[in-house]
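So the structure is just underneath, and the comments pick up after that.
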Amino acid sequence: MQNRPNSAADALFEIADEQQGYFTAKQAADAGYLLGSQAHHVKAGNWVRVHRGIYRLARFPEAPDEQLVLYSLWSRNRAGEPVGVYSHQTALSIHELSDINPSKLHMTVPVAFRRSATVPKVLVLHYATLQKNDVEQRHGFVVTRPLRAVADLAATETTSRDVVAQALAEGRSRGLVTAREIADLLRRGGHTGWFDRLLSQYAK
């Protein structure tokens, strides 16, 4: 029988542990904390307020990619669920398929995504519908798979074609992109001629 958390603190730790120490006010309430008690826990030094409605366990070890978790939580919908997926240049960087070190974080959100709050300056939002096989789960955030990231960059033409070609070649050589994935993408069509020709080179 699976052990269940025996206190709100235990339940919140389980949530935060999956998100590199971060959690939302709603998640804290779901864990058993009283709504409106955030200020008390911040003042007591247990939580750190990092953004509107987003907190971090003060004693949780820091991680190099925790910023990705923070802005994933920012992308939550009205139900409190994160819906943003890191994509484009940021996805290539996460997969280590490019030397590009983008100054902003590129994130794809659903077409109907709306937030009343101002979009953080570090984020660049792209609106699209992603399929399950377009994305993969990481520790506390979601990122587009390598081929989807390459295809997105090819479609937007915001990065040089050389970078796109290099990322595809490296992804193929490292096994992060398969011939079957490329063949499926080619069958879907809708790409520019140069990108179709590039894909065809790696479809076998």
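So which residues in the range 144-162 are among the hydrophobic types (A, V, I, L, M, F, W, C) and open to solvent by less than 30 Å² (accessible area, probe 1.4 Å)? Can you show your working first?
At the first step, the residues of the range 144-162 found to be among the hydrophobic types (A, V, I, L, M, F, W, C) are 147, 149-151, 153-155.
Selection gives LEU147, ALA149, VAL150, ALA151, LEU153, ALA154.
Output the residues belonging to the range 81-110 that are assigned to a loop (DSSP other than H, G, I, E, B), among the polar types (S, T, N, Q) and under 21 Å from LEU147 (Cβ atoms).
Taking the range 81-110 first, the residues assigned to a loop (DSSP other than H, G, I, E, B) are 81, 83-84, 87, 95-104, 110.
Add one more test, that the residue is among the polar types (S, T, N, Q), and what stays is 87, 98, 101, 103.
Selection gives SER87, SER98.
Check the range 90-108 and report whether any residue there is buried (at least 16 other Cβ atoms within 10 Å of the Cβ), within 30 Å of ASP30 (Cα to Cα) and in contact with an Asp or Glu (Cβ under 7 Å, 6 or more places away or on another chain).
no
Filter the range 124-166 for residues that are among the hydroxyl-bearing types (Ser, Thr, Tyr) and under 15 Å from VAL85 (Cα atoms) and give the result.
TYR127, THR129, THR144, listed by residue number.
Name every residue in the range 111-136 that is over 19 Å from VAL50 (Cβ atoms), assigned to a strand (DSSP E or B) and either in contact with a Pro (Cβ under 7 Å, 6 or more places away or on another chain) or not acidic (Asp, Glu) (or both), in order of residue number.
VAL124, LEU125, HIS126, TYR127, VAL135
Among the strands (runs of 3 or more DSSP E) lying completely within the range 1-80, list those that include at least 3 residues that are open to solvent by 40 Å² or more (accessible area, probe 1.4 Å). Before the answer, list the steps.
Working: elements: 22-24, 47-51, 54-57.
Fully inside the range 1-80 and qualifying: 47-51.
Where residues in the range 131-143 are over 20 Å from TYR202 (Cα atoms) and touching a strand residue (DSSP E or B) at 6+ places or on another chain (Cβ under 9 Å), which of them is most open to solvent (accessible area, probe 1.4 Å)?
GLN137
Output the residues belonging to the range 170-180 that are more than 20 Å from THR90 (Cβ to Cβ) and part of a helix (DSSP H, G or I).
Step one: of the range 170-180, the residues more than 20 Å from THR90 (Cβ to Cβ) are 172-173, 175, 178-180.
Scanning the range 170-180 gives ARG172, SER173, ALA179, ARG180.
Among (1) buried (at least 22 other Cβ atoms within 10 Å of the Cβ); (2) within 24 Å of ALA154 (Cβ to Cβ); (3) within 13 Å of the chain's Cα centre (by Cα), where does VAL124 come up short?
(1)
Please pick out the residue among ASP184, ASP152 that is assigned to a helix (DSSP H, G or I) and either closer than 22 Å to LEU125 by Cβ or modelled with pLDDT of 95 or more (or both). Can you show your working first?
Numbers: ASP184 fails: either closer than 22 Å to LEU125 by Cβ or modelled with pLDDT of 95 or more (or both).
None of the others qualify; the one that does is ASP152.
The values are calculated or read from the model by the stated rules, or taken from the named source; none is laboratory data. Just so it is clear, the structure is predicted and the values come from calculations on it, not from any experiment. Positions of Cβ are generated from backbone atoms using ideal geometry, with glycine treated the same way; all protein chains shown enter the neighbour counts. SASA here: full protein model, heavy atoms, side chains in, ligands and nucleic acids out. Shrake-Rupley method; radii C 1.70, N 1.55, O 1.52, S 1.80 Å.
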